[in-house]
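A short worksheet on the structure shown next.
The values are calculated or read from the model by the stated rules, or taken from the named source; none is laboratory data. Here the structure is a predicted model, which is why all the values come from computation and not from measurement. Note that each Cβ is placed from the backbone with ideal geometry, even for glycine, and that neighbours are counted across all protein chains shown. Accessible surface areas use protein heavy atoms only, side chains included; no ligands, DNA or RNA. Shrake-Rupley method; radii C 1.70, N 1.55, O 1.52, S 1.80 Å.
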Amino acid sequence: MSSVKLGDSLVEPTKILCVGRNYLEHIQELNNAIPDQMVVFLKPPSSISGQLRSFHQERLHYEAEICFLVNEGQLSAVGLGLDLTKRDLQSSLKSKGLPWERAKAFDGSAVFSRFIPLQDLDINQLEIELFINCVRVQKGSVPQMIYSPQVILDELKSYTTLCDGDIIMTGTPQGVGEVHPSDVFLARLKSADKTLIEIEWVAE
């Protein structure tokens with residue numbers, strides 16, 4: 001699977017651009033340093049999946065994120081995503097000063113909801129919630145981001161071409177953790193207390 005749904009259409013991104021360390025409390029929970037500039041990494045289209053996995057060579061951690069589709073160089077649609085991470089491998093690579101794509105860009109590491117057009121939506125009111133087995137574990141909103149979606153877009157465009165259908169993952173709020181088999185994930189994208197998207201995944 002290398003496509004996501006926008007309405008009744010399938011969109012095939014050429015790349016997924018991910019922002020790390022974009023919520024202060026998440027930076028603190030992982031004992032990371034506050035970066036001097038935006039942290040960006042890539043996932044390939046082969047990382048896209050509709051299935052939530054709990055294991056890929058090692059245990060996986062979840063990171064729920066507000067995600068955007070790009071069209072004609074602008075943010076055009078919004079959805080929910082899970083950035084799955086091999087946390088032990090990532091920590092090992094980081095300790096050696098090495099790139100950590102191996103921990104982030106593996107097959108099945110990007111799980112997405114459907115996307116909806118941004119038309120008539122106020123980006124600054126967007127909020128994400130993630131529940132696991134009926135317990136809320138993550139909640140974050142655009143105003144809490146260190147880099148707003150528009151700032152992220154402008155930064156990315158300063159050094160790379162954004163193709164129609166590319167996806168931007170804007171970072172995860174506090175509350176990340178391990179995925180366990182049979183965990184029931186319920187994610188909501190909201191705007192001013194109105195639910196725009198709700199999706200459930202059951203971990204394999």
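Let a ≥ b ≥ c be the square roots of the eigenvalues of the Cα gyration tensor of region 101-155; is it rounded (a/c under 1.5), or, if not, prolate (a/b larger than b/c) or oblate? Judged from the Cα gyration tensor, region 101-155 comes out oblate (a/c at least 1.5, b/c at or above a/b).
Calculated accessible area for region 1-95 comes out at 44 Å² per residue, all protein chains present (probe 1.4 Å; ligands, DNA, RNA ignored). The residues packed around residue 71, meaning those with a beta-carbon under 12 Å from its beta-carbon, carry a net charge of -3 if Lys and Arg are +1 and Asp and Glu are -1.
Compared with the direct C-alpha span, the chain from residue 122 to residue 58 gains 19.1 nm at full extension, assuming 0.36 nm per residue. The helix-only estimate of mean residue ellipticity at 222 nm for the chain, built from DSSP H runs of length n ≥ 4 each weighted as -39500 (n - 2.57), is -3000 deg cm²/dmol after division by the residue total. From the square roots a ≥ b ≥ c of the eigenvalues of the alpha-carbon gyration tensor of region 121-204, which class results: rounded (a/c under 1.5), prolate (a/b over b/c), or oblate? Prolate is the answer for region 121-204, as a/c is 1.5 or above and a/b outweighs b/c.
Just need the relative contact order of region 54-112 here, percent rounded to a whole number, with Cα pairs under 8 Å and 6+ apart.
It comes to 31 percent, rounded to a whole number.
Using a simple spin-label model with pseudo-atoms 7 Å out from Cα toward Cβ, residue 161 and residue 136 lie 4.4 nm apart.
Let me check against my output: what whole-number percent is the relative contact order of region 97-204, with C-alpha pairs under 8 Å and at least 6 apart? Intermediate results must be reported in sequence, preceding the final value.
Details: 118 pairs, mean separation 31.1, N = 108.
Relative contact order here is 29 percent.
Largest first, the residues 114, 53 sort by 1.4 Å accessible area into 114, 53.
Could you compute the net charge surrounding residue 54? Neighbours are other residues with a C-beta less than 9 Å from the C-beta of residue 54; K and R count +1, D and E count -1. Local net charge: -1.
Only Cα sites of region 54-204 enter the Debye sum here, all with the same form factor; the resulting log10 I(q)/I(0) across q = 0.09, 0.17 1/Å is -0.29, -1.03, listed in q order.
For region 75-192, carbon and sulfur atoms together expose 49% of the accessible surface, with a 1.4 angstrom probe and every protein chain in place.
For region 19-106, the square roots a ≥ b ≥ c of the C-alpha gyration tensor eigenvalues yield an a/c of 1.5 or more together with a/b not exceeding b/c, which makes the shape oblate.
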